[in-house]
Structure formats: C-alpha cells, structure tokens
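The structure appears right after this line, and notes come after that.
The values are calculated or read from the model by the stated rules, or taken from the named source; none is laboratory data. All values reported here derive from a predicted model rather than from experimental measurement. Ideal geometry is used to build each Cβ from the backbone, glycine not excepted, and the neighbour counts take in all protein chains shown.
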Amino acid sequence: MDTTKALLFFLFNFLFVEYSFAQLCSDSSCRKGEPMIRFPFQLQNLQHKSCGYPGFNLSCDASNQTVLELPNSGQFTVQGIDYQMQHIWLNDPDSCLPKRLLTLNLSGSPFSGYFYQNFAFFNCAFDYTKYKLNPIGCLSGQSYTVFASSSVRAISFLESRCNLISSVAVPVQWTFAEPVATSDLSEDILLSWGTPQCGRCESRGARCGLKSNSSTDTVCSHVSRRGLPRGARYAIIAGAGVPALLFLVGFLCCLCSKVKRFTRRHLPIVDPASSAAVAPQILITTGGLDSSIIQSYPKTILGESRRLPNPNDSICSICLSEYKPKETLRSIPECQHSFHAECVDQWLRLKASCPVCRNSPDSKCTSIDIQDS
Ligand SMILES: *[C@@H]1O[C@H](CO)[C@@H](O)[C@H](O)[C@H]1NC(C)=O
C-alpha cells in the first residue's frame, strides 16, 4: 500500500499548492488602465505577501499609479510589464526621468538594464536655439541649459562649449544611431529580471507561484483563473473518492506522456533567455521620405574654398560638425537649408520635415521601417 499512500500524498500536495495560490493570488491592478499585477510581482494591500517574490513588491500611490521602490534609487512608476519576456518599463513620478538617471543605482534590486546606451550630460550656456538640439527642460535654468548626448560628434561639439556633468549608462528601450544630436531622455527605461524565471511558464499560458511560504522555489500552474467556483473546488477535493482519484492519476500519467511526446515532436521550445538575446531592434517611424525623393534633392560638393550655400551657416545642425572641403552637402529645395548629405539623408528617411525650419518638403509619404539587426 506504500505506493498508493505516496500517490495520494503527491496528489493532495499538488492540488493543494495549485489551489492555494490560485485562490489567494488573482491578478490585480491599481486602477483600470494600469498594468496587471501578478507573480513575481505583488501589490501591497491588494494581494497577499506570498503572492510575490522577494524584491518584487509594488504599491499604488495617491493617484493610483503603480509604483516600484528600488532599494538604492527610490520610487519609479511602472509603465508596463511583459511577464513572458521578463521586462518592466519605468518612468519618474515627478516627470523628470533624466534627473533620476543621473543617480540610478540598480544594486540591491532584482533588475538590470536590457539595452544600455551611454549618455554624456552637459551644462551649457551658449545660445543653442540655432542648432537642432533637444534640451532637458526639467534640469535647465534661466541662464544654462542641460543636454544629454550619445552621439560622438555632438559630444565633441558640446565638450568645447559646455561643462560635462556626468556620463551615464542609460537602460534604454532600444539602441540605434539616432539622427538627432541630443535627447531629452523622457522615454521610459527598460529593465529586466533573471530570477524567478517564469517567462517560459507564462508563454505556455500557465501561471507561476511560490511553492511554499518558506521557500523561494517556484511552481508553474495550469489552473485556469476563470476556473471552477470556490465551492465546487472544495467539493471536488474533499468529496471525490479515493478510487476515482487513483483512476485519475493513472489516466493523467498516461495522457501526460502522450502529450509530452506530442509536444516534443510538434512544438518548438522557446527559451526566453535566448530569444531575448536576438530581439530585433524595431524602428518605427512615420512620415519619412522615400529614398528616390531624397536622392532627387540637389547635392553640392564643397570645394577647397568651402563656399557654402549659406555663408552664415558653417555647421551642419544635424551632426553639429563644421563643413570641411570635399564634403557633400544636400539642400532641401523648399527652404534652401543645407546639411551634410549623409546626415540629412538619414534624417529625411525618418522625418519628412526640415530639421531647422520644420517645413515639410513632402507630407504625402508615410513609411514604416522595421529593421531586423
Ligand atoms: C550603489 O549602491 C550601493 C549600495 O548603497 C553601493 O555600494 C554602490 O557603490 C553604488 N554603486 C554606484 C555605482 O554608485
């Protein structure tokens, strides 16, 4: 009878574990429109502590935004969570993310950046309005302006005119060479977590939970969240006879091995860690111009005398570097503004407007580029 006892013990244990966290830990959110919270996260006051993994506690602030407190960096609002990819998007509740990035320290938290891009922060006093520069308003004052840049050329331009504040590795959402010289860094940052690894469980449509209150081991459960009502589950657990349960175990074992054999043959195994490493960098832009239109714009090659189309304009306002002899310039016919051809071509592929005066050369075209790297 030892095997029967062992089977019964296993079955009750299994049912109990699945049952307990399915009951206590239903999805929750601070309000409509805020991210859905479930394991490994736990929403204070709305979910039991055992519904979350240590370090993943969230709370709702006064305006019912979801808030994450990082041990060494304070509170951030949670903008989104991808449970399958194990990604979380954060921003600053006081709407000055760049300020928070200057002191961001993720140590002591389960999170780390997914893509990092280095930004140099500068404090500048020159009149920047004639260049295409994007200042950080919330860090600037009346007599100075703060810029952040990850472009080598823009950094060398700013270095000679401004004071370097700091160089920071920013956990950006994607990395790509932007045709803009500076960024206001207001977009959400992207962090990811490695433990607990529930991405695979989530991608099968199942839910993860703690095995017991005293351990950090997790189990993956197939309990449907819209399953049987509470009473019916009690009835099944308490009332079903032993022979029925034993029959069920035998039947499930048989079914399991069949299903396993089937899935092994038919379904590709997706490893979230490896698919994450090759995540495509997606560049979605609207309003760029067709390259045939761009190519039709007039080009000039500067001679040794560097005679410029507009003598007052000796710096390309896209890449902020001076025009040099033999360089190719392209001008936008509608407004006569000129730039390095390589800079303006890249710009126009993303935006159908002049970077200086914002006039639109051709607003008919809209394109969506998705670049797989
Ligand atoms: C982050 O914070 C920890 C703990 O306070 C500290 O030991 C560490 O030096 C900090 N890291 C940086 C880069 O400041």
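Among the residues of the stretch 87-127, what is the count of those that are at negative phi, part of a loop (DSSP other than H, G, I, E, B) and within 16 Å of the ligand (Cβ to nearest atom)?
Residues of the stretch 87-127 that are at negative phi, as a first pass: 87-94, 96-107, 109-127.
Still in the running and part of a loop (DSSP other than H, G, I, E, B): 92-94, 96, 102-107, 109-110, 114-116, 125-127.
With within 16 Å of the ligand (Cβ to nearest atom) added as a condition, the list becomes 102-107, 109-110, 116.
The number of residues fulfilling the criteria is 9.
When you scan the stretch 333-353, do you find a residue that is in a loop (DSSP other than H, G, I, E, B), closer than 15 Å to ASP313 by Cα and modelled with pLDDT of 85 or more, even just one? The answer is no; no qualifying residue exists. When TYR131 is tested against (1) closer than 30 Å to CYS201 by Cβ; (2) touching a Leu at 6+ places or on another chain (Cβ under 7 Å); (3) not in a strand (DSSP E or B), just one condition goes unmet, and that condition is (1).
Contact map, the stretch 104-126: residues that are within 29 Å of PRO54 (Cα to Cα) and of a type in the set (S, T, N, Q) paired with residues that are more than 13 Å from the ligand (Cβ to nearest atom) and not in a strand (DSSP E or B), Cβ distance under 7 Å, separation 6+ or inter-chain. Pairs shown: SER109/GLY55; GLN117/SER150; GLN117/VAL172; GLN117/THR175.
Residues in the stretch 54-86 that are within 21 Å of the chain's Cα centre (by Cα), more than 16 Å from the ligand (Cβ to nearest atom), assigned to a loop (DSSP other than H, G, I, E, B) and on the phi < 0 side of the Ramachandran plot: PHE56, GLN65, TYR83, GLN84, MET85. The set of residues in the stretch 315-332 being assigned to a loop (DSSP other than H, G, I, E, B) and of a type outside the set (D, E, K, R) consists of CYS316, SER317, ILE318, CYS319, LEU320, SER321, TYR323, PRO325, ILE332. The criterion of being away from the ligand (no atom under 16 Å from the Cβ), surrounded by fewer than 18 Cβ atoms within 10 Å (Cβ to Cβ) and in a loop (DSSP other than H, G, I, E, B) holds for LEU46.
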